[in-house]
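The values are calculated or read from the model by the stated rules, or taken from the named source; none is laboratory data. Just so we're clear, the structure is a prediction, and the values are computed from it rather than from any experiment. Don't worry about glycine lacking a Cβ; one is built from the backbone with ideal geometry, like all the others, and counts go over all protein chains shown. For accessibility, only protein heavy atoms count, side chains too; no ligands or nucleic acids. Shrake-Rupley method; radii C 1.70, N 1.55, O 1.52, S 1.80 Å.
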Amino acid sequence: MILIERSGRVEAPIDTVWAVIRQAELLPEWLAGVRQAEVVPGDGPGRRMRVHTVDGAAADAEVIEFQPPKLIAWRERAAGPGLWAESRTEVQVELTPEGDGTAVRLTVVRWPAGQVSAALLRLGKHRVGADLESSLGRLGELAASRHVADLC
């Protein structure tokens, strides 16, 4: 198992940040590495989606935790054959009110399919951490812009 976690602060209220992260269609706008997210209709635990990455891979995902407006988590399994097909990834986004803003913790946990994928995941751990840092910044910008729009 490989765990990568990053935390930061978003200058928007928790409800505004929640409105962004709960919409799978908005994943490409803030979650680094995501090109597209196709959603099967539904909301909350059990909601399914297909996530397409910028490198051409696809993963089927299912929401496994849903506690508005504080927590959403989903489990991804690679779609199709290949090295990653049996690996599993869980992504968790946790929000905590913090004054007039929101503390955000992004966590990615990966369980590799075998020794080769484990070695590749360890090599890519720093890139994933950098992607999470970028995601925090992008989420902050998106949520802050929506908050300003809500005030107007």
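The table below lists the values:
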item	result
Paramagnetic label zone (point 7 Å from Cα along Cα-to-C-beta, residue 151; backbone N under 18 Å) in region 15-53	15-20
Built amide H within the under 5 Å cut-off of residue 87, gap 5+	78, 113
Candidates per trypsin sites (Lys or Arg not before Pro) in region 2-103, loop by DSSP, up to 16 other Cβ within 10 Å	70
Span-like helix ranges in the chain, DSSP H, alpha carbon extent 27 angstrom or more, Kyte mean at least -1.0	125-151
7, 135, ranked by accessible area, largest first (probe 1.4 Å)	7, 135
The chain - accessible surface per residue (Å², probe 1.4 Å)	53
Portion, in percent, of the accessible area of region 1-136 that falls on carbon or sulfur, probe 1.4 Å	51
Around residue 131: net Lys/Arg minus Asp/Glu count, Cβ-Cβ under 11 Å	+3
Length released on extending from residue 100 to residue 23, taking residue separation times 0.36 nm less the Cα-Cα span	25.5 nm
